[in-house]
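Working notes for the structure below.
The values are calculated or read from the model by the stated rules, or taken from the named source; none is laboratory data. Just so it is clear, the model here is predicted, and its values are computed rather than measured. Note that we place each Cβ from the backbone using ideal geometry, even for glycine, and neighbour counts take in every protein chain shown. Just the protein is used for accessible areas: all its heavy atoms, side chains included, with ligands, DNA and RNA removed. Shrake-Rupley method; radii C 1.70, N 1.55, O 1.52, S 1.80 Å.
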Amino acid sequence: MEEGIFDDATDQISQLPEPILQHILSFLEVKEAIQMSVVSKTWNNAVAMLHSLNYGDGSLFPVAKRNENEEAVFDKIRELLNGVESMIQKRQEQNVGVQKFCLRLSHSYKLLDLTPYIIRLTKELSACNIKELVFKVGTYRGKPCYTLPKAVYTWCSLHKLELGGFKLKLPSRGGIISLSSLRELRLYKTDMDHRVFQLLIMSCPELEFLSVDYCLGLDRLQIFGLLKLKEIRTRNCLQNFDKIQIQAPNLECLNHHGLGTLSLVDVNSCKSLKVLVLYSLTCDNKWVEDLFCNLPLLEVFRLIGCEGLEMVKISSNHLKVLELDSCKNLVKTEVDAPLLSEFHYCGSLSVSLSIEAVAKELVSLDIEQRTDEVLLNNELVEFLQNFNHSKVIRLITGELLKLSLPKDLCPPLYDVKHLTVNSDGVDKSKILDLLDSLLWMAPCLDTLDLNLACDEKTVKFTRESPLIVEGVPCCPSVPFKCWHHTLKKVEFDNFENVEDHWKLRNYFVENAKILESIDGLIQCDRA
């Protein structure tokens, strides 16, 4: 195919119906779509009738470079914004609707007042029966510079609204807020108080998804009467954000990640809630028990940074995922959840665990460090015994696994087949000691993944089918043959930079009784 000339036999995309071509173009930024319009008359027609105008992430708008005249840059910005406005006007003249409009100004132009352009753009768009609007402007020192034009508050045709960098204020006396068709609302770096937020939410009876990210002025989340609301996500809420009260009968997911401490979370009337994620909540065990009594369908429950929580007692027939992370005063956890498949824990070994579950597919354990090495080893064995029947275990430690483990005890993970260890403190020259400890802890592994200071290594084991041992087992209290008696092949992946390959090779040759091959190590012999 020569440059700029398409062979009809190969240019099959241009043969597609125009609605499909427009759908393809809707994923491109405007400047890219315009470039495509020169390919052929078919593409040109599709671009001319395009209902989606996407101006991307703001890279279209220049930033002053060193020694560059700032006023010259502002002239370019004005020209580009005038071009955006002209394109919208042209759509109106041709009676072509704009269903989607996306404009992101990623930088703040403090010395250039964009208010007239913002007002004119929103005015032009208000006549387009627009359904999706993404409009983000840069902030100055973390604070919004521009007030959202009042025209946006009455766009009844909107289905999706994503705002960033705006001040949200109540319309003037007699003004109204009516977003009667809005289904998805995303607010990022907006400045609004609780009263404005309440009126905005109450004007959206069809709202299904709400996202609030780093919004200034908002000190609580109170939502009542939204019958269709299904998901709420909050991130980077400021320290004065301390209350969540929601009455939404069809809410399925609440994910709150704040910077301060929540003093109140009341979601007991959200009977359809399935996912609940909360950071820094002041609560006690009674709150947790009441939660599961009132929310029988809860499947995912994550508590992160709840320092006041001392005991967790959960009984649930639906819970599938449980995470307890950095709850520093937690001393006891009792879980009766027959469908539990994932358990994530970050904390000390001193917590008392009792987890009744049919199957735990994934267990992630982030163990805090202690200085008492002997106590630590015994505690570790007792702690890990809670998860022996889990299929996959991810163990996150500092220098914990450099310590010698009490091998006179029963291996705590003898039934585990897949083990991942993340550790920043393991000396790479001590890989053999690490492998020896891990293979004692989990003697029937199929795969072992080692992520040591961002260096990922994998060891795969091919074994005979575990056989019941007659007489004295090879490992204390283990009814199966361990790797010493079943390992036939071991494969090392990404071990090129590990010292002393001959030590690793000799270790398995001497300890694996029926070993047939070792792959992935340098063929070398010690003189």
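Key figures for this structure:
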quantity: Rounded if a/c under 1.5, otherwise prolate or oblate - the range 185-283, Cα gyration tensor axes; calculated: oblate
quantity: Exceeding the 19 Å Cα-Cα cut-off - candidates Lys76/Lys167; Lys417/Lys489; Lys131/Lys271; calculated: Lys76/Lys167; Lys131/Lys271
quantity: Separation of the Lys488 and Lys76 label points, Cα + 7 Å toward Cβ, nm; calculated: 6.7
quantity: 10 Å beta-carbon shell around Ser326, net charge (K/R +1, D/E -1); calculated: -3
quantity: Gained length - Asp325 relative to Glu516, 0.36 nm times residue gap less alpha-carbon distance; calculated: 64.4 nm
quantity: Of all accessible heavy-atom area on the range 131-202, the percent that carbon and sulfur account for (1.4 Å); calculated: 48
quantity: Links that overshoot a 32 Å alpha carbon limit, given the list Lys169/Lys228; Lys150/Lys230; Lys189/Lys332; Lys230/Lys460; Lys160/Lys391; Lys90/Lys150; calculated: Lys189/Lys332; Lys230/Lys460; Lys160/Lys391
quantity: In Å², nearest 10: area of His484 left accessible to a 1.4 Å probe; calculated: 50
quantity: Where labels lie 7 Å past Cα in the beta-carbon direction, separation of His23 and Glu206 in nm; calculated: 2.1
quantity: For Lys488, distant residues with modelled amide H under 5 Å away; calculated: Thr462, Arg463, Glu464
quantity: Around Tyr214: net Lys/Arg minus Asp/Glu count, Cβ-Cβ under 15 Å; calculated: +4
quantity: Loop-located trypsin sites (Lys or Arg not before Pro) in the range 74-156 whose Cβ has at most 14 other Cβ within 10 Å (DSSP); calculated: Lys110, Arg141
quantity: Inter-probe distance in nm under a simple model that places probes 7 Å from Cα toward Cβ, at Glu379 and Asp336; calculated: 2.9
quantity: Net +/- balance of residues flanking Lys100 in space, Cβ distance below 10 Å, scoring K and R +1, D and E -1; calculated: +1
quantity: 5 angstrom amide H check on Asp336, placed H, neighbours 5+ away; calculated: Ile314, Ser315, Ser316, Glu356
quantity: Relative contact order [Cα under 8 Å, 6+ residues apart], the range 96-165, whole percent; calculated: 41
quantity: Probe 1.4 Å - accessible area at Asp113, Å² to nearest ten; calculated: 90
quantity: Amide hydrogen neighbours beyond the local backbone of Arg235, cut-off 5 Å, H modeled; calculated: Val212, Asp213, Tyr214, His257
quantity: Mean separation of Cα contacts under 8 Å, 6 or more apart, over the residue count of the range 160-300: relative contact order %; calculated: 16
quantity: Full-extension gain in nm, Asp408 to Ser315, via 0.36 nm per residue minus C-alpha separation; calculated: 29.9 nm
